[in-house]
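To start, the structure itself, in structure tokens.
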Amino acid sequence: MNSLLKRAAVVVAGGALAFSGLAFASAAPAAAATSPIDVTSIRVASSSGPYMSYSTKYMQTATDMRQVGSLGQYGRVTVYGDIYRGSTRLLANQQLAYVSNTYQSTTSGFTFKNGWGRGAFRVANVRVQWNDGNNNIRWFTDASVAGRGFTIKSAIEGNLKYRNVISIKSTGSKKKVKVGVRYYSPTGWKPYRGKKVVVQVKKGKWKKKKALRLNRKGKAGFTFYSSKRAKYRLKIPATKTVQGGYSRGTIKL
């Protein structure tokens, strides 16, 4: 039996995000109109990759910054940002980092909701809140932050019995191929209807056998004849909003 699709290469790095934290620099106490912290970059990723297969998904953030002024003896800084898709704000006032003279936390996270859709997202409106330790609170906007972008796509999996993506029944030289794909939409798993996929055969390298268009149920098939035994797999081209990939090769049939 064929297994599920291999996960495609991630668009944003998976796993725990590395971060450099604060780079302390010698500086005179900051003037009232100057932030003591310069946020240099923000990265967003998920340990499970850039695809959605559940109703929610935990995203990790890592903030790089450098100190350019005095925090004050008991001062502290909190970095905030908003999550956007296009011009739509999805999440406001997300805490990204917290720094004081005795403690710093430059990683954070937020829950990505399935209903937010798919495609390119970003952290915008990055701002620094500085409390100088005497309950004097000032806000600063940091518009020069690098990075901040991330991509979320719909996961794909099989739409055949036992979730196989491709099934081949071989009787002598007659081979009957069935394929089926579904994707995880903002309203749950749906047939990947109307999309083109490619059945490949391994002849030294993987080569195109036949291109198919999935029907309204996300399925397609064909029959061919060959006395030679070979491995087969399915290629699903990626789109801007749906993960692409390949199934593992079948046994020789």
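The values are calculated or read from the model by the stated rules, or taken from the named source; none is laboratory data. Note that this is a predicted model, so its numbers are computed, not measured. All Cβ positions, glycine included, derive from the backbone under ideal geometry; neighbour counts span all protein chains shown. Note: areas computed on protein heavy atoms with side chains; ligands, DNA, RNA excluded. Shrake-Rupley method; radii C 1.70, N 1.55, O 1.52, S 1.80 Å.
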**Study point:** Residue (of Tyr98, Gly109, Gly218) at the positive-pole extreme of the chain, dipole from beta-carbon charges
**Key:** Gly218
Study note, to complete from the structure: Expressed as a percent, the portion of alpha-carbon pairs in the chain spaced more than 22 Å apart is 62
Practice item. Among Met52, Val123, Ala143, pick out the residue whose Cα is farthest towards the positive end of the charge dipole of the chain, where Lys and Arg carry +1 and Asp and Glu carry -1 on C-beta, about the Cα centre. Key: Met52
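Heavy atoms only, probe 1.4 angstrom, no DNA, RNA or ligands counted: give me Val68, Val165 ranked by accessible area, highest first. Display every interim value, and only then the final one.
Values: Val68 55, Val165 0 Å².
If we order Val68, Val165 from most to least accessible, we get Val68, Val165.
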Point to revise | 27 Å Cα-Cα threshold exceeded, pairs from Lys217/Lys240; Lys169/Lys217; Lys57/Lys169 | key: Lys57/Lys169
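Could you look at the chain and say what percent of its accessible area is carbon and sulfur, using a 1.4 Å probe and all protein chains?
Ligands and nucleic acids excluded, carbon and sulfur give 48 percent.
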Check your understanding: In nanometres, what is the gap between the two model label sites at Trp206 and Ser55, each 7 Å from Cα along Cα-to-Cβ?
Key -> 3.4
Practice item. Based on alpha-carbon positions alone, could you give the equivalent ellipsoid semi-axes of the stretch 106-253 from the gyration tensor, as √(5λ), descending, whole Å? Key: 49, 15, 12
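Tell me, what are the semi-axes, in whole angstrom and largest first, of the equivalent ellipsoid of the stretch 177-253 as set by the roots of 5 times the Cα gyration tensor eigenvalues? Before the final figure, lay out the partial values.
Details: eigenvalues 123, 35, 19 Å².
That gives 25, 13, 10 Å for the three semi-axes.
Kindly provide the chymotrypsin sites (Phe, Trp or Tyr not before Pro) of the stretch 34-67 that DSSP labels as loop, not H, G, I, E or B, and whose Cβ sees at most 15 other Cβ atoms within 10 Å. Mind showing how you got there, number by number?
Numbers: sites: Tyr51, Tyr54, Tyr58; in loops: Tyr54.
Counting only loop positions with at most 15 other Cβ atoms within 10 Å, the chymotrypsin sites (Phe, Trp or Tyr not before Pro) in the stretch 34-67 are Tyr54.
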Practice item. Would you mind computing, in nm to one decimal, how far apart the modelled labels at Thr107 and Ser87 are, each placed 7 Å from Cα along Cα→Cβ? Key: 3.7
Point to revise | Most fluctuating residue given options Ala143, Ala33, Ala97, as computed from a GNM of the chain linking Cα atoms under 10 Å | key: Ala33
Exercise for review: Determine the distance separating the Cα centre of the stretch 79-119 from the Cα centre of the stretch 128-169; give it in Å without decimals.
Suggested key: 8
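How big is the dipole moment of the chain about its Cα centre under a simple scheme where the beta carbon of each Lys and Arg is +1, that of each Asp and Glu is -1, and everything else is neutral? Debye, nearest 20, please.
On the way: 46 positive and 6 negative charges, 775 e Å.
Dipole size: approximately 3720 debye.
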Exercise for review: Please report, in debye to the nearest 20, how large the charge dipole of the stretch 125-201 is about its Cα centre when each Lys and Arg carries +1 at its beta carbon and each Asp and Glu carries -1 there.
Suggested key: 1080
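Find the accessible area per residue for the chain; the probe is 1.4 Å, ligands and nucleic acids are left out, and the unit is Å².
Working: 13470 Å² over 253 residues.
For the chain, the solvent-accessible area averages 53 Å² per residue.
Say the cut-off is 21 Å between C-alpha atoms; which of Lys176/Lys196; Lys153/Lys202; Lys195/Lys252; Lys174/Lys228 go over it? All intermediate terms of the calculation are to be shown ahead of the outcome.
Values: Lys176/Lys196 19 Å; Lys153/Lys202 29 Å; Lys195/Lys252 27 Å; Lys174/Lys228 11 Å.
From Lys176/Lys196; Lys153/Lys202; Lys195/Lys252; Lys174/Lys228, over 21 Å: Lys153/Lys202; Lys195/Lys252.
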